[in-house]
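Below is one structure, written out as structure tokens; the observations come after it.
The values are calculated or read from the model by the stated rules, or taken from the named source; none is laboratory data. From a predicted model like this one, the values you see are computed outputs, not experimental measurements. Here the Cβ is made from the backbone with ideal geometry for all residues, glycine too, and neighbour counts use every protein chain on show.
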Amino acid sequence: MPKKVTSGVPGKTQAAVEMIVEFVDNNVRDSYSGTSKLIAPLALTIFVWIFLMNLMDLIPVDFIPGIAGQIGAAMGHDPHHVFFKIVPTTDPNITLGMSFSVFALIIFYSIKEKGLGGFIGELTLHPFGAKNPIVQAILIPINFILEAVTLIAKPVSLGLRLFGNMYAGELIFILIALMPFWIQWALSVPWAIFHILVITLQAFVFMMLTIVYMSLASSTEH
């Protein structure tokens, strides 16, 4: 690929790569208000990585597990007891692992841009404020609970949203695979075509929410 890259008329692969990079870059420019140069590469990595993991959902649900079962049988194991999960994003450990990695970056950038005092103040002095220091002291625990719930809800919802949508999609493929052969083709092909939109949309949503969360973390307006 590097040898075929040209500044002239690009080939099909280079054109596709440039289109994806430009698409992600435009979304970062429109949604991110900070100055970090990490966000665009991060967003591109997230989009491509999640899209490729989701894309494995289009492989027949019993194809790779069947191969894994045959390999297990050749090694002397019961093929029915070989566990092989084909789509990574249907495992909450994977999706929550990615979302909590984003959460760690949110905390890091919040402290980097606002300082430790600013970050703590954001958690304790909003949304309710008062000029009276006694009243403000009373409101601090309430503010902290509300802001902490909001903060923790970001990675949890980010990871579970991706997991739930992809798990539901794979479950439909499995239900179709349990039907008679002549019905499988009538249902699996239209669902697979529609699922191309789903896997792309889920990668886009995860990427966009990451950009928005990082933008909020970098904001110093308050």
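Residues in segment 198-211 that are surrounded by 15 or more Cβ atoms within 10 Å (Cβ to Cβ) and among the aliphatic types (A, V, I, L, M): 198, 199, 203, 205, 207, 208, 209, 211. The residue list 21, 61, 9 contains one member that is at pLDDT below 75, under 20 Å from residue 199 (Cα atoms) and of a type in the set (Val, Ile, Thr), which is 61.
Cβ-Cβ contacts under 7 Å between residues 6 or more apart (or on different chains), taken from a first residue in segment 118-147 that is without any contact (Cβ under 8 Å) to a residue 60 or more places away in the chain and among the charged types (D, E, K, R) to a second residue that is outside any helix (DSSP H, G or I) and surrounded by 11 or more Cβ atoms within 10 Å (Cβ to Cβ), are listed as 147/126. Checked against (1) of a type in the set (D, E, K, R); (2) more than 14 Å from residue 213 (Cβ to Cβ); (3) at pLDDT 90 or above, residue 114 passes all but condition (3). When 188, 215 are checked against the criterion of being among the hydroxyl-bearing types (Ser, Thr, Tyr), part of a helix (DSSP H, G or I) and either under 19 Å from residue 44 (Cα atoms) or touching a Pro at 6+ places or on another chain (Cβ under 6 Å) (or both), a single residue qualifies: 215. Residues that are closer than 30 Å to residue 53 by Cβ and among the polar types (S, T, N, Q) were ranked within segment 89-142; the one that is surrounded by the fewest Cβ atoms within 10 Å (Cβ to Cβ) is 93.
Checking each residue in segment 43-55 for being out of contact with any helix residue (DSSP H, G or I) (no Cβ under 7 Å at 6 or more places or on another chain) and not β-branched (Val, Ile, Thr) picks out 49, 52.
I'd like the full set of residues that are part of a helix (DSSP H, G or I), farther than 23 Å from residue 211 by Cβ and not aliphatic (A, V, I, L, M), limited to segment 117-128. Within segment 117-128, 117, 121, 124 qualify. When 158, 151, 146 are screened for being assigned to a helix (DSSP H, G or I), closer than 25 Å to residue 53 by Cα and aliphatic (A, V, I, L, M), only 158 passes.
Assessment of segment 145-161 against the conditions (under 29 Å from residue 40 (Cα atoms), in contact with a Gly (Cβ under 7 Å, 6 or more places away or on another chain) and crowded, with 18+ Cβ neighbours inside 10 Å) yields no matching residue. Return yes or no: is residue 188 in contact (Cβ under 8 Å) with a residue 12 or more places away in the chain and within 21 Å of the chain's Cα centre (by Cα)? Spelling it out, it is not the case that residue 188 is in contact (Cβ under 8 Å) with a residue 12 or more places away in the chain and within 21 Å of the chain's Cα centre (by Cα).
When you scan segment 155-164, do you find a residue that is among the β-branched types (Val, Ile, Thr), modelled with pLDDT of 90 or more and under 30 Å from residue 26 (Cα atoms), even just one? Yes, because at least one residue in segment 155-164 is among the β-branched types (Val, Ile, Thr), modelled with pLDDT of 90 or more and under 30 Å from residue 26 (Cα atoms).
When residue 84 is tested against (1) of a type in the set (Phe, Trp, Tyr); (2) at pLDDT below 80; (3) surrounded by 15 or more Cβ atoms within 10 Å (Cβ to Cβ), exactly one condition is not met: (3).
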